[in-house]
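Colleague: Let me begin by handing over the structure; questions about it come next.
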Amino acid sequence: MAKQVTGQAKFQVRGGQATPAPPVGTSLGKYGVNLGQFVQQFNDRTKEYNGTPIPVVVTIYNDRSFDFITKSPPAASMLKAAAGIAKGSSVPNKDKVGKVTRAQCEEIAQTKMEDLNARSIGQAAMMIEGTARSMGIIVEG
C-alpha cells in the first residue's frame, strides 16, 4: 500500500543550524515527526550554506515518515550579502543603502533559476534587480 500524505509544512531555517526549537518544532511537532532525525538530515544537506536562510518544504506521511525539499536561499539575503549590508532600507525610494552590479544580479539569478518563473537568465536577472531596488540597493550597469 502506498504512503498517504498527512500534511505539508513550509518554513525557513538557517542552513546547517537547524534545531528542534521553533520554527522546526512548532511546524513538525503536531504531525509527530521525529525532530532529531529531521534536524540531522537537514543540517547534513545544508551544511555548505552555513547560516544562510534556506526555505524547506516537508511532506509528512501517515506512518510519521517524511521527505523534504530544500529551495535556494531567498534573493533578499543573497543581495544583502552581495552588497555587504545588514538589512535593506526602510524607505527604499529615498534612502539607498548599498550597490550591486548587474553581473552580481545575474550570478544570483543563475543560483535561483530553478525556483524562479523566468524563461531566461536575463528575465531572472531583471527580477533580482527589482528585488534589489525594492530593498533600497542601487543596481549599477
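Any read-out appearing in this document is the output of simple, stated calculations on the displayed coordinates, not a laboratory observation. Quick caveat, the model's predicted, so the values are computed rather than measured. All Cβ positions, even for glycine, are placed from backbone atoms using ideal geometry, and neighbour counts span all protein chains on display.
Colleague: Around V100, under 13 Å between beta carbons, what's the net of Lys plus Arg minus Asp minus Glu among the other residues?
Modeller: Net local charge, V100 excluded: +1.
Colleague: Follow-up. Relative to the longest principal Cα axis of the chain, at what angle does helix 102-112 sit, 0 to 90 degrees, rounded to 10?
Modeller: Helix 102-112 and the main axis of the chain meet at about 10 degrees.
Colleague: Show me, for the range 17-32, the HN-Hα J-couplings you get by feeding each phi into the Karplus relation (A = 6.51, B = -1.76, C = 1.60, θ = phi - 60°), rounded to Hz, glycine and proline as x.
Modeller: Each residue's phi maps through the Karplus curve to give 10, 6, 9, x, 6, x, x, 5, x, 6, 7, 9, x, 5, 9, x Hz.
Colleague: Ok, one more. Quick one: which residues, 5+ away or cross-chain, put their amide H under 5 Å from the amide H of I54? H built at 1.01 Å from N.
Modeller: Long-range HN contacts for I54: V13, R14, G15.
Colleague: What whole number of Å gives the distance from the Cα centroid of the range 1-28 to the Cα centroid of the range 45-75?
Modeller: 8 Å
Colleague: Can you pull out the trypsin sites (Lys or Arg not before Pro) in the range 90-141 whose DSSP state is coil and whose Cβ has at most 16 other Cβ atoms within 10 Å?
Modeller: Passing both the DSSP loop test and the Cβ count: K94, K96, R119.
Colleague: Considering Cα pairs under 8 angstrom that are at least six residues apart, work out the relative contact order of the range 75-140 and quote it in whole percent.
Modeller: Relative contact order, the range 75-140: 45 percent.
Colleague: Separate question: With a cap of 10 neighbouring Cβ atoms within 10 Å, and only residues DSSP puts in a loop, list the GluC sites (Glu not before Pro) found in the range 37-141.
Modeller: E48
Colleague: Using 22 Å as the Cα-Cα cut-off, could you pick out the over-long pairs in K47/K112; K87/K112; K71/K94; K47/K96; K47/K71?
Modeller: Violating the 22 Å Cα-Cα cut-off are K71/K94; K47/K96.
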